[in-house]
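Encoded as structure tokens, the structure appears first; notes follow it.
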Amino acid sequence: MKYTYLLTLFISISINSQEVQKVEVLKNDNQINELFDELGTNELKLDLIDMIALPAFDITYERIKDSYSSFGASLFLNLSDNDSGNTNWTDKVSITPFYRFYFFNKRDYGGAGFFAEIFTKFSFGKHDVEYYNYNPDQINPGIDYWEVVEENFFDIAPGAGIGQKWLNKKGWTFEINLGVGRFILNKDETSTIGQEITSLRPQAALKGGFSIGKRL
């Protein structure tokens, strides 16, 4: 009888211990909100690819709205001395506001994990424009020529993207993302004097990189 009682007590303690462990592993919204209060809901991050490749300064501010969404903006400053003659186009400055939707699982902390986003990119820079003249002078009629001129541009590109963010309990983040948009102001035109104008910059706008950040 004594051994039966001890065995029953041992089994009961084991079952209760397993239930407590399950509760500790499970993350509900209250636990995630408590973690937000501890880590902060403001995040600053720096893109490493742009800094190394161009170089450029690409910093992003993100505000964690709740466990499942956030919003923010990226500021891109091109520090390279390369002109658009080598690349056909160069973004000198761009501002990209975005809104994200997170789809995290129970091993994530909320405001992290897989996400999808929508964005709008506002770009300022230089690009090459090709002018083709059908009959440029009256002395030698019928002689055509073309020339490439560097001009400033401003354009807007709405788009969407996906990515993944990892967050540790110290508030440090690592993020990879990729998105694509379409410039809505970039198109070929024909002037009033019969001159065909062709822009040499692409129709698509890319957004992406590898970023390291910190919750504040």
- Beyond 20 Å between alpha-carbons counts as too far, so tell me which of K45/K207; K65/K92; K121/K187; K165/K214; K92/K165; K126/K187 fall in that bin. K65/K92; K92/K165
- Query: What residues qualify as long-range amide H neighbours of S67, i.e. H under 5 Å apart, gap of 5 or more or another chain, H built at 1.01 Å from N?
  - Reply: none
- Note on the structure: Residue-ordered couplings for segment 58-75, obtained by feeding phi - 60° into the Karplus form 6.51 cos²θ - 1.76 cosθ + 1.60 and rounding to whole Hz (Gly and Pro as x), are 10, 10, 10, 10, 10, 9, 7, 6, 7, 5, 10, 8, 7, 8, x, 7, 10, 10
- List, in order, the whole-Hz ³J(HN,Hα) value for each residue of segment 173-180 obtained from phi through the Karplus relation with A = 6.51, B = -1.76, C = 1.60 and θ = phi - 60°; use x for Gly and Pro. 10, 10, 9, 10, 8, 8, x, 9
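For the residues V149, V180, V129, what sequence is obtained by ranking on other C-beta atoms within 10 Å, fewest first? Don't jump to the answer; show the numbers that get you there.
Working: V149 10, V180 13, V129 19.
By the 10 Å Cβ count, ascending: V149, V180, V129.
Laboratory data are not the source of any read-out in this text; all were calculated from the coordinates shown. Everything numeric in this text was worked out from a predicted model, so none of it was measured. Because the Cβ atoms are built from the backbone with ideal geometry, glycine has one as well, and the counts that use them run over all protein chains shown.
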